[in-house]
Amino acid sequence: MFENKDESRTSLGELGEFGLINHLTQTFKIKQSSTVTAIGDDAAVIDPDGKQLVVTTDLLVEGVHFDLSFMPLKHLGYKAVMVNLSDVYAMNAEATQITVSIAVSNRFPLEALEELYAGIELACSIYNVDLIGGDTTSSTTGLLISVTALGQAEPATLVKRDGAKDGDLLVVSGDLGASYMGLQVLEREKQVYKVNPNAQPDLEPYAYLVERQLKPEARKDVVELLKKIEVQPTAMIDISDGLSSEIIHLCKSSKTGVRLYEEKIPLDPQLIQVCEEFELDSTTVALSGGEDYELLFTIKQEDYEKIKGNPHLTVIGHITPENDGLNLITRANTSIPIVARGWNALKDEE
Ligand SMILES: [Mg+2]
């Protein structure tokens, strides 16, 4: 349905590995003063200038993490960077450099990799990070893309998962569940297309959800906002696997309990509508959907006034002593334990 019908195909073999890397990265510009040496030497050189260096890696595999029948390569490149930057921001750090490694089969022509790198370059320019290295190799099956992101933070402002304390407020950025439902919409349209290749998918009513799935944004703006309003989170994590599993990670690390209020979980109106259409419970989707790349963090109660009314941030609960456990307070005011299921479990249920 979203296949690239472009006729021009340049075989990767024509360029050779170094020619290929050169070709794909020639337009990337260096933006960070901490990048001393980037692509072109045996190794990159970074000057952290007294700051703490943050490092994170994610590997994305075709057929496991993405489906190229509805994921445009440019979006894939962009998303692969976002997934990693989100982890850097979750440390309350500034993302500064990335490396990108790909394994690619000969079914991909040069033009496909140009699309992938156009997305990577767009992400680098919007988020102000430098591409400083990587590797390119062949694969016998599909496409693999591995991104490593580096960031830096002042030792005093770096935030880990283990700092939440009894009484802290639990805060989340943006809204939840939309990316998962975007994927459900795309997978449904793919099935329709398989049956009738002439069917034109009408994705307009689902535009927000589909965008959240195909082109997520890491919350650099939230890290900058917290700095500006002088709020130092006590613990933080990004939401890649769903709200419930991230809450469990944060509380386990911090050795605390939590009370999460169902009615406070931020949901987009489009998500509520599409959950009705798919006959799925919107709270379950928000708790287990994943791929939201929002930030989940705790703050001291005295900082509440600083975030109150901010449209990007929602207080969804508070931290309790460890032996009170992890509890979801439903709209009916009953308390049920929070369990991690992740989106795979959600799928099995259908
Ligand atoms: Mg993470």
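The values are calculated or read from the model by the stated rules, or taken from the named source; none is laboratory data. This one's a predicted model, so the numbers in the text were calculated from it and none came from an experiment. Quick reminder, even Gly has a Cβ in these numbers, built from the backbone with ideal geometry, and neighbours come from all protein chains shown.
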Strands (runs of 3 or more DSSP E) completely within region 199-306 that count 3 or more residues being within 16 Å of the ligand (Cβ to nearest atom): 235-238, 295-299
Residue match in region 278-289 (condition: of a type in the set (Ser, Thr, Tyr), surrounded by 23 or more Cβ atoms within 10 Å (Cβ to Cβ) and under 21 Å from ASP162 (Cα atoms)): no
Residue within region 81-91 that is surrounded by fewer than 24 Cβ atoms within 10 Å (Cβ to Cβ) and small (Gly, Ala, Ser) present: no
Pair list, Cβ under 6 Å, 6 or more apart: region 55-68 residue farther than 14 Å from ASN84 by Cα, other residue away from the ligand (no atom under 16 Å from the Cβ) and in a strand (DSSP E or B): VAL61/LEU144
Filter result (under 24 Å from GLY325 (Cβ atoms), free of Cβ contacts under 8 Å to residues at least 24 places away in the same chain and of a type outside the set (Asp, Glu)) within region 244-282: LYS252
Any pair with Cβ under 8 angstrom, 6 or more apart, that starts in region 173-202 at a residue that is surrounded by 15 or more Cβ atoms within 10 Å (Cβ to Cβ) and ends at one that is of a type in the set (Ser, Thr, Tyr) and in a loop (DSSP other than H, G, I, E, B): SER179/TYR293; LYS190/SER69
In region 35-50, the residues that are in a loop (DSSP other than H, G, I, E, B) and surrounded by fewer than 18 Cβ atoms within 10 Å (Cβ to Cβ): GLY40, ASP42, ALA43, ASP47, PRO48, ASP49, GLY50
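Looking at this structure, is VAL231 outside the structural domain of PRO72 (by TED's automatic domain parsing) and out of contact with any Asp or Glu (no Cβ under 8 Å at 6 or more places or on another chain)?
No: the conditions fail for VAL231.
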The lone exception for LYS79 - which of (1) charged (D, E, K, R); (2) under 30 Å from THR234 (Cβ atoms); (3) out of contact with any Leu (no Cβ under 8 Å at 6 or more places or on another chain) it fails: (3)
Of residues in region 52-92 being more than 22 Å from LEU183 (Cα to Cα) and part of a strand (DSSP E or B), the one nearest to the ligand (Cβ to nearest atom): THR56
Single residue of ILE30, ILE21 found to be under 26 Å from the mean Cα position of the chain (by Cα), surrounded by 16 or more Cβ atoms within 10 Å (Cβ to Cβ) and among the aliphatic types (A, V, I, L, M): ILE21
Pairs, first in a loop (DSSP other than H, G, I, E, B) in region 311-326, second at pLDDT 95 or above and of a type in the set (Gly, Ala, Ser), C-beta under 8 Å, six or more apart: HIS312/SER173; HIS312/GLY174; GLY325/GLY257
Pair list, Cβ < 7 Å and 6+ apart or interchain, from region 75-91 residues that are outside the structural domain of SER179 (by TED's automatic domain parsing) to residues that are within 12 Å of the ligand (Cβ to nearest atom) and among the β-branched types (Val, Ile, Thr): ASN84/THR56; ASP87/THR56; VAL88/VAL54; VAL88/THR56; ALA90/ILE237; MET91/VAL54
Top-ranked residue of region 93-116 - restricted to ones that are farther than 23 Å from GLY19 by Cβ and not in a loop (DSSP other than H, G, I, E, B), ranked as nearest to the ligand (Cβ to nearest atom): ALA95
